[in-house]
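Below: one structure, written as structure tokens.
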Amino acid sequence: MRPTGPAGAAAPAGRTRPGGRPLLARLLVLFLLAGLVPLLGAPGVARAASGCSGRPAKTVGFSTGELRVYKSRAHVCAVTVAKKPGKRRTMSVTLQARGGRAVSDKGKYTKMAGPVTVNALNRCVRATGAIGKKSASTGWILC
């Protein structure tokens, strides 16, 4: 004789929980989600931290952080990254293609100022980054 549920209705053949979903299906979903966690990546991955696409072209370190410049085919991107992220402090990054206007991002940030991008197909660029009173500059590069 089959077990009966509430009101005399026959219960399904598989094990069930009070919510109505089979236990096996819930376990399968948990197993699949656990397998996806490593694929999503951990915080602090270099690409996520930079905010720029392209290959690294120049990195200039200074006492409170780094100025990072990235180059793709037609664009150059720059960010200023703090050595010790945490409290808010004044950070800035400026990028200029030769013959063009400077593009900058300045404010009070915890980790990073930027990214700023300029169109620099066959043009030299210069970048400057600052955290607090300390700064770094590249001079004219990628000529």
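Quick rundown of the values:
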| item | result |
| --- | --- |
| Spacing of the two label points (7 Å from each Cα toward its C-beta) at CYS124 and TRP140, in nm | 0.2 |
| 13 Å beta-carbon shell around ARG98, net charge (K/R +1, D/E -1) | +3 |
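Every read-out reported here was derived from the displayed coordinates using simple, explicitly stated rules and does not represent laboratory data. Predicted model, so just to flag it, every value in this text is computed and none were measured. In this analysis, Cβ positions are derived from the backbone assuming ideal geometry, glycine residues included, and neighbour counts consider all displayed protein chains.
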